[in-house]
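Trainee: Starting off with a structure, shown below.
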Amino acid sequence: MSARRSMKLLFAMLLTLLVWPALAAQELPTGILPLDGQDAPPLRLENLDGETWDIEQARGRWVFVHFWASWCGPCRKEMPTIQAIHEQLDPQQIEFAVINTAESEDMVFTFLGTVAPDLNPLMDTDGLVTERWQPRGLPATYLVDPEGRLRYLALGGRPWDTPEYMNFLKRLIAE
């Protein structure tokens, strides 16, 4: 075996030994993608009551930023699971920004009133916040850390209230 090949093999083994524990410690649920930790885009919207919510005010807590629409089948299926975790997680540790993309207040109020009455949606009536965040389809959920950095992304619907996802969220907010 050549010296060069031996060095490459040694380097690969060393890299595996250093990286593997970090990867194993971050067991992610199905469909949760790690992100690079860049700063979250600005997010300032009004809820159905006309009150302004700004992601900057959530510093110090995780933020569950969820983009959805009532016409989206996976969104409709997922929303009750978000309602369930919202009831179980401490609002001092995680905030929910449930952002409706360009639908009327009546449509949003009627839909959420039946499946997720405790969620207070933010209204992206002109779609500009959605455009700034650039989810690749609906539903899409970003998990923003207490310092305001993008840490995880879930594309498509998830059963958030199952043990796999609940344990993941509880681990995050316990850090």
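The values are calculated or read from the model by the stated rules, or taken from the named source; none is laboratory data. As the structure is a computational prediction, the values presented were derived from the model and not from experiment. Because the Cβ atoms are built from the backbone with ideal geometry, glycine has one as well, and the counts that use them run over all protein chains shown.
Trainee: Filtering the stretch 72-109 down to residues that are of a type in the set (D, E, K, R) and touching a helix residue (DSSP H, G or I) at 6+ places or on another chain (Cβ under 8 Å), which residue is nearest to THR52 (Cα to Cα)?
Mentor: Ranking the candidates gives GLU95 first.
Trainee: May I ask you to verify whether THR141 is modelled with pLDDT under 95, surrounded by 19 or more Cβ atoms within 10 Å (Cβ to Cβ) and closer than 24 Å to LEU33 by Cα?
Mentor: Criteria not met by THR141.
Trainee: If PHE111 passes every condition in (1) surrounded by fewer than 20 Cβ atoms within 10 Å (Cβ to Cβ); (2) assigned to a helix (DSSP H, G or I); (3) among the hydrophobic types (A, V, I, L, M, F, W, C) but one, which one does it miss?
Mentor: (1) is the only condition that PHE111 fails.
Trainee: Does the stretch 160-175 hold any residues that are within 13 Å of the chain's Cα centre (by Cα) and in a loop (DSSP other than H, G, I, E, B), and which are they?
Mentor: Across the stretch 160-175, the qualifying residue is only TRP160.
Trainee: Where in the stretch 1-101 are the strands (runs of 3 or more DSSP E), entirely inside, with at least 1 residues that are at pLDDT below 95 and either buried (at least 19 other Cβ atoms within 10 Å of the Cβ) or out of contact with any Pro (no Cβ under 7 Å at 6 or more places or on another chain) (or both)?
Mentor: Where strands (runs of 3 or more DSSP E) fall fully within the stretch 1-101 and carry at least 1 residues being at pLDDT below 95 and either buried (at least 19 other Cβ atoms within 10 Å of the Cβ) or out of contact with any Pro (no Cβ under 7 Å at 6 or more places or on another chain) (or both), they are 94-101.
Trainee: Another question about this same structure. Taking only the stretch 119-130 into account, find how many residues are part of a loop (DSSP other than H, G, I, E, B) and over 16 Å from GLU51 (Cβ atoms).
Mentor: The number of residues fulfilling the criteria is 2.
Trainee: Continuing with the same structure: Of everything in the stretch 45-56, what is within 19 Å of the chain's Cα centre (by Cα) and free of Cβ contacts under 8 Å to residues at least 40 places away in the same chain? Give them in sequence order.
Mentor: Passing the criteria: only ASP54.
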